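Structure record follows, encoded as structure tokens.
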Amino acid sequence: MANVRIDPDGISPPVARFAHGVLAVDAERILHTSGMVPVAPDGTVPGDLAGQAEVVWANVLSVLEEAGMVAADVVSMTTYVVPGQDLAVVMAARDRALGGHLAASTLVVVPELAQPAWLVEVSVVAVA
């Protein structure tokens, strides 16, 4: 099975560290996560964006591990961030969690998330 990046020459390159598309070849398992929120295992929510982004990605990696998958199996992600946040902080946490792996990515600024304390939420699709 292979997840192949698709970045056509006929369009501008991605504006950050992601792929325009990912083609899953001979896929056997597909994982769709819910939105992973910044709630740590002990129920706490960090007060800052960097801490929340780290918790979100730790939660994503935990779900991947439970499914027998790794960060390199992620083919697509959607990130939701509330207004006024430093998007570079969110993308840096993503890049650390994915260890250089590039997947298709959408980032959406939303007015608010389900809980007022939450600043970021991420859902992924992984294929193995």
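The numbers here are math on the coordinates, done by the rules we state, and not lab data. From a predicted model like this one, the values you see are computed outputs, not experimental measurements. Heads up, the Cβs are rebuilt from the backbone with ideal geometry, glycines too, and the neighbour counts pull from every protein chain shown.
Tell me, yes or no, whether region 20-28 has at least one residue that is surrounded by 16 or more Cβ atoms within 10 Å (Cβ to Cβ) and either touching an Asp or Glu at 6+ places or on another chain (Cβ under 6 Å) or not in a strand (DSSP E or B) (or both).
no
Please count how many residues of region 49-77 are more than 21 Å from A117 (Cβ to Cβ), of a type in the set (V, I, T) and touching a strand residue (DSSP E or B) at 6+ places or on another chain (Cβ under 6 Å). Working first, answer last.
Of region 49-77, the ones more than 21 Å from A117 (Cβ to Cβ) are 61, 63-77.
Now drop any that are not of a type in the set (V, I, T), which leaves 63, 70, 74-75.
Those still in the list that are touching a strand residue (DSSP E or B) at 6+ places or on another chain (Cβ under 6 Å) too: 74-75.
Within region 49-77, residues that are more than 21 Å from A117 (Cβ to Cβ), of a type in the set (V, I, T) and touching a strand residue (DSSP E or B) at 6+ places or on another chain (Cβ under 6 Å) number 2.
Take the conditions closer than 18 Å to V81 by Cα, out of contact with any Phe, Trp or Tyr (no Cβ under 8 Å at 6 or more places or on another chain) and basic (K, R) and apply them to R17. Does it pass?
The answer is yes for R17.
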